[in-house]
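Engineer: Submitted below is the structure of interest, expressed as structure tokens.
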Amino acid sequence: MFNNNRYLTKGVQLEIPPELQIFMWECIDRMPESKDYLQVFNLEDLEGVQRISHSSEEPEYKMEYLMPSEAPITQKVYVIDDGDHSTMLLAEEY
């Protein structure tokens, strides 16, 4: 899973900084095998710190990252692998 062509929606391109997009793809790449087709990222602004909570349901997976940021954002992002390609989209675009 997630070893295919990768795409971003317009919402991700406009709302999510490129460095965060890359970081989220890397989080998926570093996961142990047996990945759920749906990966969820909750991005939160913690006053100058970007919190990234990464989770999936089957198998259950949770990881949290904190990184300094001049402009942290609050947003929910899904990454979906449909077998042919992987797409990163804002939750509101689902």
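Engineer: If we count every other residue with Cβ under 14 angstrom of S86's Cβ, Lys/Arg +1 and Asp/Glu -1, where does the sum land?
Structural biologist: Around S86, the charge tally is -4.
Engineer: I need the fraction of alpha carbon pairs in the stretch 36-82 separated by more than 17 Å, rounded to a whole percent.
Structural biologist: Cα-Cα pairs of the stretch 36-82 separated by over 17 Å account for 36 percent.
Engineer: Give the calculated FRET efficiency between N42 and Q13 to the nearest 0.05, with a Förster radius of 25 Å applied to their Cβ-Cβ distance.
Structural biologist: 0.80
Engineer: Read through the labelled values [x] 18, 15, 13; [y] 67, 11, 8; [z] 21, 15, 11 and report the label of the one computed as semi-axes √(5λ) of the Cα gyration tensor in Å from the structure.
Structural biologist: Recomputing semi-axes √(5λ) of the Cα gyration tensor in Å here gives the entry labelled [z].
Engineer: Let me ask something additional. Note down the nm distance, to one decimal, between modelled labels 7 Å out along Cα→Cβ at R30 and at E93.
Structural biologist: A separation of 2.4 nm, rounded to one decimal place.
Engineer: Right, another one. Any idea of the accessible area per residue across the stretch 1-52, 1.4 Å probe, to the nearest Å²?
Structural biologist: On a per-residue basis, the stretch 1-52 sits at 58 Å².
Engineer: Right, here's the next one. Label point 7 Å out from F2 along Cα-to-Cβ: which residues of the stretch 46-79 have amide N under 17 Å?
Structural biologist: Inside the label zone: 52-66, 76-79.
Engineer: Continuing with the same structure: Normalising by the residue count of the chain, find the relative contact order in percent from Cα pairs under 8 Å and 6+ residues apart.
Structural biologist: Relative contact order here is 35 percent.
Engineer: Between 0 and 90 degrees, rounded to the nearest ten: what's the tilt of helix 18-30 against the longest Cα principal axis of the chain?
Structural biologist: Roughly 40 degrees between the two axes.
Engineer: Only helical DSSP H runs with n ≥ 4 go in: add -39500 (n - 2.57) per run for the chain, normalise by residue count and round the 222 nm mean residue ellipticity to 500 deg cm²/dmol.
Structural biologist: That comes out to -6000 deg cm²/dmol.
Engineer: In the full protein assembly as shown, how much of R30 is accessible to a 1.4 Å probe, in Å² to the nearest 10?
Structural biologist: Accessible surface of R30 is approximately 140 Å².
Engineer: Ordering V77, V40 by how much accessible area each has at a 1.4 Å probe, largest first, what is the list?
Structural biologist: I get V40, V77, largest accessible area first.
Engineer: With every protein chain left in place and a probe of 1.4 Å, what is the accessible surface of M63, to the nearest 10 Å²?
Structural biologist: The accessible area comes out at roughly 80 Å².
Engineer: Roughly how many Å² of T74 are accessible to a 1.4 Å probe, to the nearest 10?
Structural biologist: 100
Engineer: Something else about it: Carbon and sulfur atoms: what percent of the 1.4 Å accessible area of the chain do they account for?
Structural biologist: 49
Engineer: So what are the ³J(HN,Hα) numbers for the stretch 40-55, from phi and the Karplus equation (6.51, -1.76, 1.60; θ = phi - 60°), rounded to whole Hz, Gly and Pro as x?
Structural biologist: Result, ordered by residue: 10, 10, 9, 9, 10, 8, 10, 6, x, 10, 8, 9, 10, 9, 10, 8 Hz.
Engineer: What ranking of F41, F23 comes out by heavy-atom accessible area, probe 1.4 Å, highest first?
Structural biologist: Greatest to least solvent exposure: F23, F41.
The values are calculated or read from the model by the stated rules, or taken from the named source; none is laboratory data. Keep in mind that what you see is a predicted model, and the values were worked out from it rather than measured. Note that each Cβ is placed from the backbone with ideal geometry, even for glycine, and that neighbours are counted across all protein chains shown. All accessible areas refer to the heavy atoms of the entire protein, side chains included, with ligands and DNA or RNA removed. Shrake-Rupley method; radii C 1.70, N 1.55, O 1.52, S 1.80 Å.
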